[in-house]
Amino acid sequence: MISYFRDIQFAEKHWFWLLLMLPLMIIWYLIKLKKHHGEINYSSFHLFKQITPTLKGKLRHILFVLRLISITLIITAIARPQSKSSWKDNKKEGIDIVLTMDVSISMLAKDFKPNRLEVAKDVMLDFIDSRPNDRIGLVLFGGEAFTQCPLTTDHKVLKNMFPQVKAGSLDNGTAIGLGLATAVSRIKESKAKSKVIVLISDGKSNAGEVSPLTAGELAKTFGLRVYCIGIGSKGKALQPVGMYAPGEYEYDYVDVDIDEDVMKEVSQQTGGKYFRATDKVSLQETYGEIDKMEKTIISEKSFTNKSEHFLPLAIAAAILLALEFILKFTFLKSIP
């Protein structure tokens, strides 16, 4: 019972005033018990020394005791015992990461099966699953940039946004600098010791008002590490060159032309690393590099709701009252 009430508080404590009835009930019971005793004059108690009390006589007060316990339990139950509500600190090691993905039309190229974009999305989903303690966000860019999801530890919400990521959903072009600058704006205020941007693109920067090197300098200023990934096979690749109708493209073999020199320089100046991804496996090589980075402590607070605990007390009181009733009319039945 002590362990039961260790973490319990009562919402209706004023009901405990009813416990003052218990001493009054005990006094009333003793007075009533005395009145029921008859008086007979005896010349000697010698004959009564041989008489021993019966079991029934010894247990005759148990009915009153059961009633007192039952009333105590009922009063305690209506005082509404509850588990204590509290804030709990959950501390996890992790880093802040913004995934920055190119969604230009060229990401539909078929040198990856089914295309570059779908493979990149699959790898990023695996990446998210492999880092449960990290805050991760998602930025998309084409001819412009858009924050699909800010930094969050709710990876389920983040992953549910990936089906909405479509090639050509933003303006035509590849604005690598603008995409990187947008990612920087989303992570620069982070308090994490390690802040990372993973940028994936398959072309040359040809749009946006911010150059990739300028965005790289901005990332360096805020202590961000940028990992750039050039995605695409070497040589020629079958990719869209025209559109028949919305969502229907004409394909032809086009030279794969990735802005590798610029992405290498951006990675180097921020302390990151450049990867050339010609297949899914090479994309996954980024995991090991990021895992080696210094981790920070992310503190999250979770609230524990109150829960009612009156039911076990009410059930116990009902059982004791039922036991009193059964004993009163069976084993401990008295004849007037």
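For the reader, a short list of remarks on this structure follows.
- Some residue of the stretch 157-166 being among the basic types (Lys, Arg), more than 28 Å from Lys236 (Cα to Cα) and not in a loop (DSSP other than H, G, I, E, B): yes
- Residues of the stretch 269-284 that turn out to be touching a strand residue (DSSP E or B) at 6+ places or on another chain (Cβ under 6 Å) and either free of Cβ contacts under 8 Å to residues at least 40 places away in the same chain or open to solvent by less than 40 Å² (accessible area, probe 1.4 Å) (or both), as a count: 6
- Among (1) in a helix (DSSP H, G or I); (2) surrounded by 17 or more Cβ atoms within 10 Å (Cβ to Cβ), the one test that Ile97 misses: (1)
- Inter-residue pairs, beta-carbon under 6 Å, first on the phi > 0 side of the Ramachandran plot and in the stretch 145-170, second surrounded by fewer than 16 Cβ atoms within 10 Å (Cβ to Cβ), 6+ apart: none
- Looking across the stretch 199-224 at every residue that is in a loop (DSSP other than H, G, I, E, B) and over 23 Å from Glu285 (Cα atoms), the one that is nearest to the chain's Cα centre (by Cα) is identified as Phe222.
For (1) modelled with pLDDT under 80; (2) not aromatic (Phe, Trp, Tyr), each residue gets a yes or a no:
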{"residue": "Tyr249", "(1), (2)": "no, no"}
{"residue": "Ala277", "(1), (2)": "no, yes"}
{"residue": "Lys280", "(1), (2)": "no, yes"}
{"residue": "Tyr287", "(1), (2)": "yes, no"}
{"residue": "Lys295", "(1), (2)": "yes, yes"}
{"residue": "Glu300", "(1), (2)": "yes, yes"}
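- All of Val196, Val266, Val256 fail the test of being in contact with a Cys (Cβ under 9 Å, 6 or more places away or on another chain) and either farther than 20 Å from Phe141 by Cβ or surrounded by 13 or more Cβ atoms within 10 Å (Cβ to Cβ) (or both), apart from Val266.
- Within the stretch 80-106, the only residue that satisfies the criterion of being of a type in the set (A, V, I, L, M) and either over 34 Å from the mean Cα position of the chain (by Cα) or modelled with pLDDT under 85 (or both) is Ile105.
- Residue in the stretch 132-149 that is basic (Lys, Arg), assigned to a strand (DSSP E or B) and open to solvent by 30 Å² or more (accessible area, probe 1.4 Å) present: yes
- Ile8 open to solvent by less than 100 Å² (accessible area, probe 1.4 Å), at pLDDT 80 or above and more than 20 Å from Glu324 (Cα to Cα): no
- Selection count where residues are open to solvent by less than 50 Å² (accessible area, probe 1.4 Å), over 14 Å from Leu180 (Cβ atoms) and hydroxyl-bearing (Ser, Thr, Tyr), scope the stretch 199-252: 2
The values are calculated or read from the model by the stated rules, or taken from the named source; none is laboratory data. Source: prediction; values computed, not measured. Positions of Cβ are generated from backbone atoms using ideal geometry, with glycine treated the same way; all protein chains shown enter the neighbour counts. For accessibility, only protein heavy atoms count, side chains too; no ligands or nucleic acids. Shrake-Rupley method; radii C 1.70, N 1.55, O 1.52, S 1.80 Å.
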